[in-house]
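Enquirer: Once you've had a glance at the structure underneath, I'll fire off some questions.
The values are calculated or read from the model by the stated rules, or taken from the named source; none is laboratory data. This one's a predicted model, so the numbers in the text were calculated from it and none came from an experiment. Methodologically, a virtual Cβ is constructed for each residue, glycine included, from the backbone with ideal geometry; neighbour enumeration extends over all protein chains shown. Protein only, heavy atoms only, side chains kept; ligands, DNA and RNA dropped before computing areas. Shrake-Rupley method; radii C 1.70, N 1.55, O 1.52, S 1.80 Å.
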Amino acid sequence: DYTAFYPASAVNINTGAITISGTQIYAENSFGQGAMPMMAEESNGSLTFSNLFGVLKLQLKGNVEVSKIRVIGNNVLNGNVTVIDGTLSMQSSGDTYKSVNLNFSENEKLSTEQAKNFLIAVPSGKHDFTVAITSSDGRIYCKKTKKKDIVVGNILKMSELDLSQPLNPYIEG
């Protein structure tokens with residue numbers, strides 16, 4: 001029997017421990033390489049990969065350049081995990097593991113006409129999120145959500161946010 005994980009770099013070969021990074025790299029209309037952990041078990045000589053996380057889809061527009069997006073949850077979103085019978089269980093604890101940063105190789109220009117999609121892989125469960133969007137000029141736009149149900153392999157599409165309008169709370173950088 002074989003089990004495979006993607007990204008392979010997340011698995012410590014010596015201990016079998018799996019670590020999910022708290023930093024993801026933006027990729028247009030997708031998520032960055034290695035952001036979506038997957039697992040496969042051998043069946044009849046082949047491996048079929050399945051997602052272990054769900055996806056939070058942010059839709060942003062406005063006359064703004066985004067330099068970073070941070071998602072802060074009430075539950076653990078990164079760190080050490082175990083997988084039992086194809087189900088992921090977060091093992092890390094504490095506030096340092098309750099966030100995911102979406103970083104950009106260069107600032108991402110938004111449009112006032114059409115929202116741009118940002119996909120962030122997060123573990124399944126019921127989450128309260130605070131989304132903090134940092135603009136290139138240092139302003140931080142925050143949006144809080146009530147319990148959102150993240151399901152493995154599914155995309156949770158959040159309401160469109162227009163950063164031309166003040167969000168509550170709004171923080172000067």
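Enquirer: Using a 10 angstrom Cβ neighbour count of at most 12 plus a DSSP loop assignment to flag exposed trypsin sites (Lys or Arg not before Pro), which longest range of the chain is free of such sites?
Expert: 1-145
Enquirer: Using the heavy atoms of the protein chains alone and a 1.4 angstrom probe, what is the accessible area of the range 1-154 per residue in square angstrom?
Expert: 53 Å²
Enquirer: Return a whole-number percent for the relative contact order of the chain, with Cα pairs under 8 Å and 6 or more residues apart as the contact set.
Expert: For the chain, the relative contact order is 27 percent.
Enquirer: DSSP loop (so not H, G, I, E, B), at most 13 other Cβ within 10 Å: list which GluC sites (Glu not before Pro) in the range 85-173 pass both filters.
Expert: Qualifying residues, ordered by number: 113, 160, 172.
Enquirer: Sticking with this structure for a sec: What nm distance separates the two modelled labels at residue 92 and residue 142, each placed 7 Å from Cα along Cα→Cβ?
Expert: Spacing of the two 7 Å Cα→Cβ label points: 2.2 nm.
Enquirer: Of 19, 134, 82, which is the most mobile in a GNM of the chain whose springs link Cα atoms less than 10 angstrom apart?
Expert: Among 19, 134, 82, the largest mean-square fluctuation in the Gaussian network model of the chain belongs to 82.
Enquirer: Oh, and also: Taking the Cα centre as origin and putting +1 on Lys and Arg beta-carbons and -1 on Asp and Glu beta-carbons, what dipole magnitude results for the range 30-119, to the nearest 20 debye?
Expert: 380 debye
Enquirer: In the range 8-114, carbon and sulfur make up what percent of the accessible area (probe 1.4 Å)?
Expert: The C+S portion of the solvent-accessible surface of the range 8-114 is 42 percent.
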